[in-house]
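Trainee: Sharing a structure here in structure tokens format.
The values are calculated or read from the model by the stated rules, or taken from the named source; none is laboratory data. What you see is a predicted model, and the numbers here were worked out from it, not measured in a lab. Counting neighbours? That spans all protein chains shown, and the Cβs are built from the backbone with ideal geometry, glycine included.
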Amino acid sequence: MKNTTPLKTKAYRLKRSERPLSYMLSSRHSNRSPLLYFDEEQGINRPLRYARNQKTPFEDDQDGNAILEPIVFEDGMLVVQRENQVLQQFLHYHPGNGMVFEEIDNAKDASEELASVELTIDAQVLAKNLSTEKLLSVSRILMGASVNTMTIPELKRDILVYAKNNPEELIDIVNDPMLELQNEVHLFVDNNWLSFRNNRRDVYYNLPGNKKKMMTIPFNEDPYDAMSAYLQSNEGLEAYKYLKKRLKKDK
């Protein structure tokens, strides 16, 4: 059956952030640079080789007169004309497709960019509409004790900037059911009712009649996340109730 899909010129780009002026892509299978495509129908790995004078990118279907050509990305880009279907097929089957390079899809790029822009707008609207109490809670988690020396306009400005630069993270923090608890833990530390020792590895109570060690922060874990989890556990729940009651009295 004849293929009715219209042929078109395709463009490809390297995926690395820093793109060299010139990059040569492996164009034939070898032990040093294996280029194999697993054929599901035949159940075998088929070696790839790009030769413009052939009708297929599969070496086992090529004749003995293959003329090899280099595949070079200039400034990170490669344009393959519609007439060069062998190279387009070769790049489609190439194991580096999706990892080393990718085909440029303008519609997909536009869709992803639109989603990113919309996410940023959503985050900024969310940040703009935060109540003063929630603004303080979010700011305290992001900026720590420095919140106590900042004005509300300063906090609003910084949170809007943060929403622009880190929209997904800002949305996650605002919608985190642990937000109130984490804010309280920050306040417990700010009020010096809980204190760090040993390079922030250990947490101690600093309360009248209780200077005992509360916990050791697990390796590579955020101290405030760890304290929040502990205060919600059976072991730390009574201490949390006491600290929360004390916090309400100080308001």
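Trainee: Of the residues GLU102, GLU113, only one is within 17 Å of LYS15 (Cα to Cα), surrounded by 11 or more Cβ atoms within 10 Å (Cβ to Cβ) and among the charged types (D, E, K, R); which?
Mentor: Numbers: GLU113 fails: surrounded by 11 or more Cβ atoms within 10 Å (Cβ to Cβ).
Only one candidate passes the filter, namely GLU102.
Trainee: Can you name the residue in region 28-82 that is over 31 Å from the mean Cα position of the chain (by Cα) and among the hydroxyl-bearing types (Ser, Thr, Tyr) and, of all such residues, is surrounded by the most Cβ atoms within 10 Å (Cβ to Cβ)?
Mentor: Per the stated criteria, the residue is TYR50.
Trainee: Going by the conditions given, is GLU168 over 19 Å from GLU133 (Cβ atoms) and either surrounded by 13 or more Cβ atoms within 10 Å (Cβ to Cβ) or not hydroxyl-bearing (Ser, Thr, Tyr) (or both)?
Mentor: Details: over 19 Å from GLU133 (Cβ atoms): yes; either surrounded by 13 or more Cβ atoms within 10 Å (Cβ to Cβ) or not hydroxyl-bearing (Ser, Thr, Tyr) (or both): yes.
Taking the combined requirement at face value, the residue satisfies it.
Trainee: Would you mind stating whether ALA107 is among the aliphatic types (A, V, I, L, M), without any contact (Cβ under 8 Å) to a residue 12 or more places away in the chain, in a helix (DSSP H, G or I) and over 17 Å from GLU169 (Cβ atoms)? Walk me through how you get there before you give the answer.
Mentor: Values: among the aliphatic types (A, V, I, L, M): yes; without any contact (Cβ under 8 Å) to a residue 12 or more places away in the chain: yes; in a helix (DSSP H, G or I): yes; over 17 Å from GLU169 (Cβ atoms): yes.
Answer is yes for this residue.
Trainee: Given the conditions (1) exposed (fewer than 12 other Cβ atoms within 10 Å of the Cβ); (2) modelled with pLDDT of 90 or more; (3) not aromatic (Phe, Trp, Tyr), which single one is not true for ARG200?
Mentor: Going through (1) exposed (fewer than 12 other Cβ atoms within 10 Å of the Cβ); (2) modelled with pLDDT of 90 or more; (3) not aromatic (Phe, Trp, Tyr) one by one, ARG200 breaks only (2).
Trainee: PRO95 is checked against (1) under 30 Å from LEU155 (Cβ atoms); (2) in contact (Cβ under 8 Å) with a residue 60 or more places away in the chain and fails just one. What number does that condition carry?
Mentor: Condition (1) is where PRO95 drops out.
Trainee: Follow-up. Which of the residues belonging to region 133-147 are exposed (fewer than 13 other Cβ atoms within 10 Å of the Cβ) and either of a type in the set (Val, Ile, Thr) or closer than 10 Å to ASP190 by Cβ (or both)?
Mentor: ALA145, the sole residue that qualifies.
Trainee: Continuing with this model, one more query. For residues that are in contact with a helix residue (DSSP H, G or I) (Cβ under 9 Å, 6 or more places away or on another chain), in contact (Cβ under 8 Å) with a residue 40 or more places away in the chain and in a strand (DSSP E or B), tally how many sit in region 50-75.
Mentor: First pass over region 50-75, keeping only residues in contact with a helix residue (DSSP H, G or I) (Cβ under 9 Å, 6 or more places away or on another chain): 50-58, 66, 69, 71.
Filter once more, so that each one left must be in contact (Cβ under 8 Å) with a residue 40 or more places away in the chain: 50, 69, 71.
Now restrict to residues that are in a strand (DSSP E or B): 71.
Looking only at that region, the number is 1.
Trainee: Tell me, which residue of region 17-49 that is in a strand (DSSP E or B) and among the basic types (Lys, Arg) is farthest from TYR93 (Cα to Cα)? Step through it out loud before you land on a result.
Mentor: First, the residues of region 17-49 that are in a strand (DSSP E or B): 22-25, 28, 36-39, 44-49.
From what is left, the residues that are among the basic types (Lys, Arg) are 28, 46, 49.
Working: ARG28: 12, ARG46: 10, ARG49: 11 Å.
Per the criteria, the residue is ARG28.
Trainee: Do we have LYS213 as among the basic types (Lys, Arg), loosely packed, with under 13 Cβ neighbours inside 10 Å and more than 18 Å from GLY144 (Cβ to Cβ) here?
Mentor: Numbers: among the basic types (Lys, Arg): yes; loosely packed, with under 13 Cβ neighbours inside 10 Å: yes; more than 18 Å from GLY144 (Cβ to Cβ): yes.
Yes, satisfied.
Trainee: Is it fair to say ASN129 is under 22 Å from ASN166 (Cβ atoms) and surrounded by fewer than 18 Cβ atoms within 10 Å (Cβ to Cβ)? Please lay out each step first, then the result.
Mentor: On the way: under 22 Å from ASN166 (Cβ atoms): yes; surrounded by fewer than 18 Cβ atoms within 10 Å (Cβ to Cβ): yes.
Here the answer is yes, as ASN129 does meet what is asked.
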